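Colleague: Pasting a structure below so you can have a look.
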Amino acid sequence: MELFLHQIFSGLATGAIYAAVALAVVMIFLAIDHFNFAQGEMAMFSTFICWALIDAGLPYWVAFVLTIGISFAGGIAIERILFRPLHAAPVLSHIIAFLGLFFILNNGAGWIWDFTIKPMASPFPEGSISGLIGYHEIGMIGIVLIMLALLYLFFRYTSVGLAMRAAAQNPESAKLCGISVGWMIALGWGMASAIGAVGGILIAPVVFLEPNMMLGILLYGFAAAIVGGITNPAGAVAGGFMVGVLENLVGTYIPFVGSELKLTVALVLIISVLMVKPSGLFGRTTVTRV
Amino acid sequence: MTAETQVTAQSVDPERRIAGLTSGGWRCAATAIAILVAVVLPWTLGSFQTFQITLVLFYAIAILGLNILTGFNGQFSLGHSAFFAIGAYTTAILVERYGVSTYLTIPVAGGLGFAAGFLFGFPALRLSGLYLALATFALSVATPQLLKYNHFEDFTGGVQGINLLKDSAPFDLPFSVDQWWYYVTLAITLFAFWMARNLINSRTGRAIMAIRDNPIAAATMGVNTALYKTLTFGVSALLTAVAGALSAIVVEYVAPDSFTFVLSVYFLIGLVIGGVGWIPGAVIGGAFVLYVPNLAEGISTGLAGVLFGVIILLVIYLMPSGAAGLVRLGITHLRRRLDRDNNKA
């Protein structure tokens with residue numbers, strides 16, 4: 001029983017990170033209708049920035065907030081410079097552009113900060129509550145929940161949030177209402193980048209910091225977004241927690257999976273959900289007119 | 001008479017044909033020259049360069065496979081490294097564990113690749129565009145882990161992979177090992193390209209392209225879209241698996257970390273560089289993904305990946321139709337210039 005509870009809690013903790021990554025993926029999907037294959041690398045790069053700031057002597061929380069600001073600006077810059085000129089380009093061009101960004105960030109981080117594995121500090125004390133859940137894991141869940149609450153308030157109660165929702169739902173009408181859809185998309189990129197950064201910084205103490213740390217996490221983030229419904233941010237978050245718990249339970253209780261086939265679990269999950277229920281658990285079904 | 005019909009009238013003008021043959025004649029000439037160059041090349045190069053152009057060739061086969069799927073059938077794949085790995089591992093396992101002749105393993109690898117691609121084609125049927133890209137992305141990210149999986153270790157060699165040795169030229173032919181395998185690869189490449197061209201120019205090829213252009217209209221015309229899409233996936237994976245088998249033989253080594261997501265990305269980039277939906281482009285794409293990363297490494301070792309990323313972004317912005325677009329542009333220019341000269345005369 002204790003093992004079971006422990007697995008559930010630590011699943012919820014990694015699930016929080018998947019939720020953050022999934023949410024970032026969904027935000028960009030809602031803005032430009034594409035999967036950001038470089039989302040993980042953006043988060044990784046942000047995490048390195050945070051590490052460098054802490055290394056330079058800044059206190060953890062200052063570095064944390066500063067990194068989120070830098071990531072936000074970086075996300076907007078990426079949209080303005082790289083993806084704005086491509087907005088009418090075919091899908092394949094977008095995929096290649098995401099992959100180009102992937103290479104630049106991955107190798108750029110390796111070039112600036114080296115490919116060696118670095119330990120990342122955790123702001124939370126070591127140890128755990130009666131062996132069930134570590135303080136860092138509680139912190140991960142807590143920070144992600146706070147972030148989600150803030151996002152909810154932003155989208156529900158501010159005019160910019162409303163404008164962003166309008167721009168995502170119906171760009172033409174939004175434009176007619178005087179909303180700058182282009183800037184709303186840029187804002188979406190900035191926020192996605194910042195949300196991803198939070199996920200990266202929080203998971204780094206668990207998986208260790210190195211340029212390739214996010215590939216597996218991004219895959220689980222995608223799986224979470226697909227399970228929850230790619231068109232529904234709240235669904236993606238729920239999907240993140242579910243996928244995190246599922247990953248741990250499958251790894252623990254199905255003997256041949258272990259920790260060695262975790263990525264295959266994500267693969268099977270993505271393909272089966274896309275086949276059985278492509279809109280995910282909470283997504284809306286899109287109907288195309290022929 | 002409109003200007004356009006005049007141009008066509010001129011293009012069948014016999015005088016003009018001497019200057020530029022007919023377009024079909026030009027194509028034959030270009031192919032002949034390319035094959036001639038390919039045959040002569042290893043005699044002018046050292047063994048390492050010969051080895052490298054062999055790599056270009058099997059990359060070209062893999063990219064050709066992806067081109068049939070993406071360029072002609074409109075299905076995206078970021079997962080072709082998995083089919084490449086199937087080919088490579090089939091050859092390595094058959095040769096090393098069961099002592100099968102190296103040459104025999106190539107068709108076996110192709111057959112297994114076809115089966116795997118055909119089967120993967122079924123879930124792919126239900127996924128359009130982006131979602132298929134995502135599913136295949138997951139496939140290629142999961143592949144190295146599956147290859148390392150310790151319950152398969154007796155077959156796959158786990159993390160260590162498998163070493164093999166390539167046979168030298170049979171019948172005391174006067175080729176070095178590298179040259180021999182270059183010619184074997186070249187022969188398979190030519191065969192693959194010939195088959196691909198015939199496939200695309202056939203009734204089946206027209207059905208494949210019709211599905212890309214308008215699946216509903218294609219289905220209305222009586223094309224069995226599901227069957228053709230899964231078969232295309234199979235053929236595409238077959239070619240990529242053959243390329244993988246050749247890679248195992250030529251490189252003499254297979255290991256899980258050679259078949260990562262990055263390899264799939266290389267195929268996709270090679271496809272876009274060569275030109276989506278243009279068969280000869282695969283060779284240009286193959287050369288690009290082999291030489292450009294090396295070139296970038298030559299400029300700066302640490303920054304190689306960054307430079308590579310910048311280069312592919314520039315390609316997307318500046319020549320989104322790849323080498324195919326460049327060639328087409330060149331031909332149009334040449335034609336215009338010729339027309340101008342003819343008008344003056």
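Since every read-out is calculated from the coordinates, none of them should be taken as a lab result. These numbers come from a predicted model, not from an experiment. Note that each Cβ is placed from the backbone with ideal geometry, even for glycine, and that neighbours are counted across all protein chains shown.
Colleague: When Cβ neighbours within 10 Å are restricted to other protein chains, what is their mean count per residue of peptide B:294-306?
Modeller: The mean count of partner-chain Cβ atoms within 10 Å per residue comes to 3.
Colleague: Any chance you could check the Cα centroid distance between region A:245-279 and region B:270-345 for me, in angstrom?
Modeller: Rounded to whole Å, the Cα centres lie 40 Å apart.
Colleague: Which listed residue (B:LEU165, B:ILE208, B:VAL265) has the Cα farthest towards the positive end of the charge dipole for region B:149-270, taking +1 on Lys and Arg C-beta and -1 on Asp and Glu C-beta about the Cα centre?
Modeller: Of the listed residues, the answer is B:ILE208.
Colleague: Additional query: For q = 0.08, 0.10, 0.12, 0.14 Å⁻¹, what log10 I(q)/I(0) does chain A give under the Debye formula with an equal point scatterer on each alpha carbon and no solvent?
Modeller: Listed by q, the Debye log ratios stand at -0.33, -0.52, -0.76, -1.04.
Colleague: With +1 on the Cβ of every Lys and Arg and -1 on the Cβ of every Asp and Glu, and nothing else charged, how large is the dipole of the protein assembly as shown about its Cα centre, in debye rounded to the nearest 20?
Modeller: With only Lys, Arg, Asp and Glu charged at Cβ, the dipole is about 2160 debye.
Colleague: Using the Karplus equation 6.51 cos²θ - 1.76 cosθ + 1.60 (θ = phi - 60°), what ³J(HN,Hα) coupling, rounded to whole Hz, does each residue of region B:209-221 give in order, writing x for Gly and Pro?
Modeller: After applying 6.51 cos²θ - 1.76 cosθ + 1.60, I find 6, 4, 5, 5, 6, 6, x, 5, 4, 4, 5, 4, 7 Hz.
Colleague: Using label points projected 7 Å from each Cα along Cα→Cβ, tell me how many nm separate B:ALA217 and B:GLU153, to one decimal.
Modeller: If labels sit at B:ALA217 and B:GLU153, their model points lie 5.7 nm apart.
Colleague: Once you have the alpha carbon radius of gyration of the protein assembly as shown, what is it after dividing by 2.2 N^0.38 Å, with N set to its residue count? Mind showing how you got there, number by number?
Modeller: Numbers: Rg = 26.3 Å, N = 635, 2.2 N^0.38 = 25.6 Å.
Compared with the compact-globule rule of thumb, the protein assembly as shown sits at 1.03.
Colleague: Another question about this same structure. Assuming 1.567 mPa s and 4 °C, estimate D for region B:79-120 with Stokes-Einstein, Rh taken as the Kirkwood radius over Cα pairs, in µm²/s.
Modeller: It diffuses with D of about 127 µm²/s by this estimate.
Colleague: Would you mind checking the tilt of helix B:304-318 against the longest principal axis of the Cα atoms of chain B, expressed as 0 to 90 degrees and rounded to 10?
Modeller: With rounding to tens, the tilt is 30 degrees.
Colleague: Sticking with this structure for a sec: State the answer as a single residue: which of B:TYR89, B:GLY274, B:ALA241 lies farthest towards the positive end of the charge dipole of region B:45-344, with beta carbon charges of +1 for Lys and Arg and -1 for Asp and Glu, about the Cα centre.
Modeller: Of B:TYR89, B:GLY274, B:ALA241, it is B:GLY274.
Colleague: Here's something else I'd like to know. Kirkwood Rh over Cα pairs of region B:45-344 into Stokes-Einstein at 10 °C, 1.306 mPa s: D in µm²/s?
Modeller: For these conditions, the coefficient is 79 µm²/s.
Colleague: Then there is this: What aspartates and glutamates does B:LYS229 reach when the alpha-carbon gap must be under 18 Å and sequence neighbours fewer than 8 apart in one chain are set aside?
Modeller: Straight-line reach from B:LYS229, under 18 Å: B:ASP213.
Colleague: Whole Å is fine, so just give me how far the alpha carbon centre of region B:38-90 lies from that of region B:190-244.
Modeller: Each part reduced to its Cα centre gives a spacing of 19 Å.
Colleague: Near A:GLY216, within a Cβ-to-Cβ distance under 13 Å, what is the net charge of the other residues, with Lys and Arg +1 and Asp and Glu -1?
Modeller: So the surrounding residues net to -3.
Colleague: On to the next question. Under the rule of -39500 (n - 2.57) per DSSP H run of 4 or more residues, summed and divided by the residues of chain A, what mean residue ellipticity at 222 nm is obtained, to the nearest 500 deg cm²/dmol?
Modeller: Roughly -24500 deg cm²/dmol at 222 nm, from the helical runs in chain A.
Colleague: Let me ask something else. For region B:113-138 and region A:133-147, what is the separation of their Cα centres, given in Å?
Modeller: The distance from the Cα centre of region B:113-138 to that of region A:133-147 comes to 37 Å.
Colleague: Can you run phi through the Karplus equation (6.51, -1.76, 1.60; θ = phi - 60°) for region A:7-20 and list ³J(HN,Hα) in whole Hz, with x for Gly and Pro?
Modeller: After applying 6.51 cos²θ - 1.76 cosθ + 1.60, I find 5, 4, 5, 6, x, 5, 5, 5, x, 4, 5, 4, 4, 4 Hz.
Colleague: In debye, nearest 20: dipole of chain A around its Cα centre with unit charges on the Cβ of K, R (+) and D, E (-)? Write down the numbers at each step before the final one.
Modeller: Details: 10 positive and 12 negative charges, 193 e Å.
I would put it at about 920 debye.
Colleague: Within 10 Å of each Cβ of B:317-324, how many other protein chain Cβ atoms are there on average?
Modeller: Mean number of neighbouring Cβ atoms from other chains: 2.
Colleague: Oh, and also: Would any residue of region B:200-218 have its amide N under 20 Å from a label point 7 Å out along Cα→Cβ of B:CYS28? List them or say none.
Modeller: Once the point is set 7 Å along Cα→Cβ of B:CYS28, B:201-202 turn out to lie under 20 Å by backbone N, inside region B:200-218.
Colleague: Let me ask you something else. Cut-off under 17 Å on the C-alpha distance; same-chain residues fewer than 8 positions from B:LYS148 excluded. Which lysines are left, in chain and number order?
Modeller: The reachable lysines, counting only those whose Cα sits under 17 Å from B:LYS148, are A:LYS262.
Colleague: Angle between the Cα long axis of helix B:23-44 and the longest principal axis of chain B, 0 to 90 degrees, nearest 10?
Modeller: 40 degrees
Colleague: Tell me what chain B gives for mean residue ellipticity at 222 nm when only DSSP H runs of n ≥ 4 count, each as -39,500 (n - 2.57), the sum divided by the residue total, rounded to 500 deg cm²/dmol.
Modeller: Working: 16 runs with 265 residues, N = 345.
Computed mean residue ellipticity for chain B: -25500 deg cm²/dmol.
Colleague: Any idea how far apart A:ALA149 and B:TRP43 come out in nm if each label point goes 7 Å out from Cα toward Cβ?
Modeller: That separation, rounded to one decimal, is 7.9 nm.
Colleague: Relative to the first principal axis of the alpha-carbon coordinates of chain B, what is the inclination of helix B:129-148, with its axis defined by its Cα atoms, in degrees from 0 to 90 and to the nearest 10?
Modeller: Its long axis makes an angle of about 30 degrees.
Colleague: For B:TYR253, which sequence-distant residues (separation of 5 or more, or a different chain) have an amide H within less than 5 Å of its own amide H, given hydrogens modelled in the peptide plane?
Modeller: B:LEU164
Colleague: Among A:THR231, A:ASN170, A:ILE112, whose Cα sits farthest toward the positive end of the charge dipole of chain A (+1 at Cβ of Lys/Arg, -1 at Cβ of Asp/Glu, about the Cα centre)?
Modeller: A:ASN170
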